[in-house]
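For reference, the structure is listed below as structure tokens.
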Amino acid sequence: MEHDHEFFADGLLVSNCVSWLEELAAWRYLDDTWDQIRFGLRSGPRPHWVASTTPKPRALIKKLSAGGVDNVVITRATTYDNPHLPEDIREALEDAYGGTQIGRQELYAEVIDQDENALWSRGIIDAGRLRPDEVPPLARKSVGVDPSGGRGEQGIVVVGKAMVEHLRTVNGRERTVQLAHGYVLADRTCHLSPDGWGRRAVQAAVDYEADDICVETNFGGDMALNTIRSAADSMGISIPIKKVTATRGKKVRAEPVSALTEQGRWHMVGTFPELEDQMCEWYDELDWSPDRLDAMVWPAWHLRIVKAAMTGNTTAGGLAAAGRQIG
């Protein structure tokens, strides 16, 4: 029967021989949707997809642009390649965005791997980067967990804390003070079933001899806690599990950690490309959730590496809740 490869899904006409992906980089659930599209392209003599998009620095877009997916042909075009764009519009766009980061993205089709609106830059992260043998003895370690709420990734990041001596000048005199430093030890972020990510979080705690697991409960509530508790029980592991609840926005929670990085007090122990991408690309106007970044930030508050006073008149989202032990 003609067009028998087409079907209706949730009111939409779907084809499993060709897909047109308009503004791919702007899709909220990009990775999930991409996976499902690839699963569905299976019929006809040449099942394929075509994507047209502004090259925003999402992980998949960067992978496609770098040739990381086989059998993909990349075509690039700038605003100035459009022969139908009126000259006055062209000049107005150049006046407004010429020489800017957004202009490089929107006018010249460049993939910008860090955003000027983001809280971190590559240079700041690199300046604080350490090798494992450069990490001082750690006083405490915690596994930060940011559940995805059923979509996206489950952020799982291991963070350690150490007190480091700093020389300060006070009233004209030099004196030594001890300040908290944070150390990102591992990024175990995944996209698994509840049992899968629960076990992965517990295993991270075991591998790094963490003092506890710190889980954000805005998505899933007690279900997230029960997931980790059940995983720990089934693995025969006894570890404290703390819960934190976001009462402020992601930016408010992340800003003090960004400030620590600028002060040389927040360190990446090794390299974590996908986490660092989120650090250098996410800002609060975007419509996607940085699960890895959130998982990294929670232990900074939980371990008291940052304090409520660092954000002026704001308070740490969930500091009181972080003191409650469950499991």
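All of the numbers you see were taken from the coordinates with simple rules; none came from a lab. This structure is a prediction, so every number in the text was calculated from the model and none was measured. Cβ placement follows ideal geometry from the backbone for every residue including glycine, while neighbour counts extend to all protein chains displayed.
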Notebook entry, point to check: Rounded if a/c is under 1.5, else prolate if a/b beats b/c, else oblate: with a ≥ b ≥ c from the C-alpha gyration tensor eigenvalues square-rooted, which is the range 105-212?
Noted result: oblate
Next item on the list: Show the residues, 5+ positions off or on another chain, whose built amide H is closer than 5 Å to the amide H of G182.
Entry: W266, H267
Next item on the list: Please work out how much length the chain gains when fully extended from T176 to W20, using 0.36 nm per residue of separation minus the C-alpha to C-alpha distance, in nm with one decimal.
Entry: 50.0 nm
Notebook entry, point to check: Can you list residues whose amide H is under 5 Å from L21's amide H, if they're 5+ apart or on another chain and H is modeled 1.01 Å from N?
Noted result: V50, A51, S52
Next item on the list: Whole Å is fine, so just give me how far the alpha carbon centre of the range 174-201 lies from that of the range 63-99.
Entry: 39
Note to self: Beyond a 27 Å Cα-Cα separation, which of these cross-linked pairs lie in this structure: K63/K243; K56/K251; K62/K242; K62/K250; K63/K242; K141/K251?
What the structure shows: K63/K243; K62/K242; K63/K242
Next item on the list: Describe numerically, in nm with one decimal, the distance between label points set 7 Å from Cα along Cα→Cβ at E262 and at R122.
Entry: 2.1
Next item on the list: Would you mind computing, in nm to one decimal, how far apart the modelled labels at M223 and T75 are, each placed 7 Å from Cα along Cα→Cβ?
Entry: 4.3
